[in-house]
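K.L.:
Dropping the structure in here first, questions after.
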Amino acid sequence: MTAEQQALRMSVRGVLSRHTADRSIADVTESSAGDDAELWQVLCGQIGVAGLAVPERFGGLGAGLGEVHVVLDELGRTLTPTPMLGCAVLAGQAVLHAEDEAACRRILPDLVSGELLAALAWTDQYGDWDPHRPAYSATKAGRLTGEAHYVLDVHLADVLLVAAGTSEGVRLFEVDPRGAGVRRRPVTTVDLTRRLGVVVLDQALGRQLGGVNPLERVRDIACVALSAEQVGAAARALELTVAHALTRVQFGRPIGGFQAIAHRLADLHVVVESARSLSYAAVSSLDSDAPEAHLLAAGAAVHCAEALEQVTAEMIQLHGGIGITWEHDAHRYFKRAHGAAHLFGHPRAHLARLAEAVVDAEVSNA
């Protein structure tokens, strides 16, 4: 990491530390929307997290996805609920890649400042996140009908970005969440740190953005961004487990001194570091538009999800009895692992993407 990225990491960690001082993850998880908004304003106002990957001409900092990755890594460590993934990454990048200059100038400056929150409504109840099969259909008059699920932070959104099928293909639309024909409802999730909802549109009026389908690029960005969260969570889960192994005494010695436990922890360290390497390689390829970006995005989606699932399962096992109590944070990391693994599509779908990308790369090389 560059010196600037290291400084960014420490700045975000400092803000999160102050925000969560004397508060457990349970307190943060069960916080009100007002608490989330206060933290988001600090992150946007003091650090500019929402504008890291937004060009300067639209009010952003013009840094890159690598800097966004650093922020998400830190947010993943503490499982802090913020609109970073849903608003700054999904919605913000969807607007950017819709190739609509006027829409970027209208939406992005307020999104960057934290004054506006946007949500991207895309997939149906099966959660495939297929770029060519959106949950909505649109008429020529811009009337949208359908039902999208797994919409991140929809309860906070000031504007909805809706992926819909048109006669010309899949396009992005801007919709007022308070307009006629729009219904939003939150859903109860296993992972209480991830706030999802459903958006039902019934002949709701939408404003088309651009003339291209940005979703394939956005899906790659989203999967890689999510992998940063997963790496951060996995690293913190391992830290907590190592700390427990060094202080939990059994048979007159810390359990971390037993060879079987030490070997399991060493294996987890390898898993976390390999996931981190792949995740950061994937975001680097996206930032540089490398030809292997699609391949690495699919690989990160699979490997980082599996890494977090493995680490959190071992976290519960190595914590023994306290690892299964509601008061301990182990189950929160475990739930984040399994919820995140399916957020942007089933792991098998990513494996299929990975296989297709490998075949395409070999054909191109041949």
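The values are calculated or read from the model by the stated rules, or taken from the named source; none is laboratory data. Just so you know, these numbers come straight off a predicted model, no measurement behind them. Because the Cβ atoms are built from the backbone with ideal geometry, glycine has one as well, and the counts that use them run over all protein chains shown. These area figures cover heavy atoms from the full protein model, side chains too; ligands, DNA and RNA do not enter into them. Shrake-Rupley method; radii C 1.70, N 1.55, O 1.52, S 1.80 Å.
K.L.:
With respect to Ala180, is the statement that it is among the hydrophobic types (A, V, I, L, M, F, W, C) and part of a loop (DSSP other than H, G, I, E, B) true? Steps first, please.
P.N.:
Details: among the hydrophobic types (A, V, I, L, M, F, W, C): yes; part of a loop (DSSP other than H, G, I, E, B): yes.
Yes; evaluated as a whole, the condition is true for this residue.
Yes or no, residue by residue, for (1) farther than 25 Å from Ala340 by Cβ; (2) under 20 Å from the mean Cα position of the chain (by Cα):
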site	(1), (2)
Val242	no, no
Arg253	yes, no
Gly256	yes, no
Gln259	yes, no
Ala266	no, no
Ala275	no, yes
His294	no, yes
Ala298	no, yes
Ala305	no, yes
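K.L.:
Test Phe344 against the stated conditions and say whether it is among the hydrophobic types (A, V, I, L, M, F, W, C), at pLDDT 75 or above, open to solvent by 50 Å² or more (accessible area, probe 1.4 Å) and within 19 Å of the chain's Cα centre (by Cα). First the steps, then the outcome.
P.N.:
Values: among the hydrophobic types (A, V, I, L, M, F, W, C): yes; at pLDDT 75 or above: yes; open to solvent by 50 Å² or more (accessible area, probe 1.4 Å): no; within 19 Å of the chain's Cα centre (by Cα): yes.
Spelling it out, it is not the case that Phe344 is among the hydrophobic types (A, V, I, L, M, F, W, C), at pLDDT 75 or above, open to solvent by 50 Å² or more (accessible area, probe 1.4 Å) and within 19 Å of the chain's Cα centre (by Cα).
K.L.:
Determine whether Ala349 is under 24 Å from Tyr150 (Cβ atoms), assigned to a helix (DSSP H, G or I), modelled with pLDDT under 95 and more than 16 Å from the chain's Cα centre (by Cα). Quick ask: steps written out before the conclusion?
P.N.:
Values: under 24 Å from Tyr150 (Cβ atoms): yes; assigned to a helix (DSSP H, G or I): yes; modelled with pLDDT under 95: yes; more than 16 Å from the chain's Cα centre (by Cα): yes.
In short, yes.
K.L.:
Any idea how many residues of segment 85-137 are surrounded by fewer than 23 Cβ atoms within 10 Å (Cβ to Cβ), farther than 24 Å from Trp40 by Cα and small (Gly, Ala, Ser)?
P.N.:
So the count comes out to 3.
K.L.:
Can I ask one more? Return a yes/no flag: does segment 206-217 have any residue that is open to solvent by less than 10 Å² (accessible area, probe 1.4 Å), in a strand (DSSP E or B) and modelled with pLDDT of 95 or more. Outline the logic, then answer.
P.N.:
Initially, segment 206-217 is screened for residues open to solvent by less than 10 Å² (accessible area, probe 1.4 Å), giving 209, 214-215.
In the following step, the residues that additionally are in a strand (DSSP E or B) were identified as 209.
When the remaining residues are screened for being modelled with pLDDT of 95 or more, the result is 209.
For segment 206-217, residues open to solvent by less than 10 Å² (accessible area, probe 1.4 Å), in a strand (DSSP E or B) and modelled with pLDDT of 95 or more: present.
K.L.:
Residues in segment 144-167: is at least one out of contact with any strand residue (DSSP E or B) (no Cβ under 8 Å at 6 or more places or on another chain) and either modelled with pLDDT of 95 or more or not polar (S, T, N, Q) (or both)? Steps first, please.
P.N.:
Let us first name the residues in segment 144-167 that are out of contact with any strand residue (DSSP E or B) (no Cβ under 8 Å at 6 or more places or on another chain), namely 167.
Now restrict to residues that are either modelled with pLDDT of 95 or more or not polar (S, T, N, Q) (or both): none.
No, segment 144-167 has no match at all.
K.L.:
While we're here: Keeping to segment 114-168, report how many residues are aromatic (Phe, Trp, Tyr), more than 17 Å from Leu201 (Cα to Cα) and in contact (Cβ under 8 Å) with a residue 24 or more places away in the chain. Quick ask: steps written out before the conclusion?
P.N.:
First, the residues of segment 114-168 that are aromatic (Phe, Trp, Tyr): 122, 126, 129, 136, 150.
So of that shortlist, the ones also more than 17 Å from Leu201 (Cα to Cα) come out as 126, 129.
Cutting the leftovers down to in contact (Cβ under 8 Å) with a residue 24 or more places away in the chain gives us 129.
Counting residues in segment 114-168 that are aromatic (Phe, Trp, Tyr), more than 17 Å from Leu201 (Cα to Cα) and in contact (Cβ under 8 Å) with a residue 24 or more places away in the chain gives 1.
K.L.:
Let me ask something additional. Could you check segment 1-114 for helices (runs of 4 or more DSSP H) lying wholly inside it with 1 or more residues that are more than 17 Å from the chain's Cα centre (by Cα)? Walk me through it before giving the result.
P.N.:
On the way: elements: 3-19, 25-29, 33-42, 65-78, 92-97, 101-113.
The qualifying helices (runs of 4 or more DSSP H) are 3-19, 25-29, 33-42, 92-97, 101-113.
K.L.:
Among the residues of segment 112-134, write down those that are hydrophobic (A, V, I, L, M, F, W, C) and under 16 Å from Ala222 (Cβ atoms). So that I can check it myself, show each step before the final result.
P.N.:
Going through segment 112-134, the residues hydrophobic (A, V, I, L, M, F, W, C) turn out to be 112, 116-122, 129.
Across segment 112-134, the qualifying residues are Ala118, Ala119, Leu120, Ala121, Trp122, Trp129.
K.L.:
Among what's in segment 188-205 and is touching a residue at least 12 places away in the same chain (Cβ under 8 Å) and in a loop (DSSP other than H, G, I, E, B), pick the residue that is surrounded by the fewest Cβ atoms within 10 Å (Cβ to Cβ). Before the answer, list the steps.
P.N.:
Applying the first criterion (touching a residue at least 12 places away in the same chain (Cβ under 8 Å)) to segment 188-205 yields 189-205.
Next cut, in a loop (DSSP other than H, G, I, E, B) only: 189-195.
Numbers: Thr189: 14, Val190: 11, Asp191: 20, Leu192: 17, Thr193: 24, Arg194: 21, Arg195: 21.
Taking the candidates together, the pick is Val190.
K.L.:
For segment 279-301, does any single residue satisfy the condition of being without any contact (Cβ under 8 Å) to a residue 60 or more places away in the chain and either among the aromatic types (Phe, Trp, Tyr) or closer than 15 Å to Ala234 by Cβ (or both)?
P.N.:
No - not one qualifying residue is present in segment 279-301.
K.L.:
Right, next: Could you list, ordered by first residue, the pairs with Cβ atoms under 8 Å in which the first is in segment 312-332 and among the polar types (S, T, N, Q) and the second is surrounded by 13 or more Cβ atoms within 10 Å (Cβ to Cβ) and not in a helix (DSSP H, G or I), at least 6 apart or interchain?
P.N.:
So the pair list comes out empty.
K.L.:
Name the pairs whose Cβ atoms lie under 7 Å apart, with the first residue in segment 206-223 and within 20 Å of Leu286 (Cβ to Cβ) and among the aliphatic types (A, V, I, L, M), the second at pLDDT 95 or above and open to solvent by 30 Å² or more (accessible area, probe 1.4 Å), and 6 or more positions between them or separate chains?
P.N.:
Val218/His97
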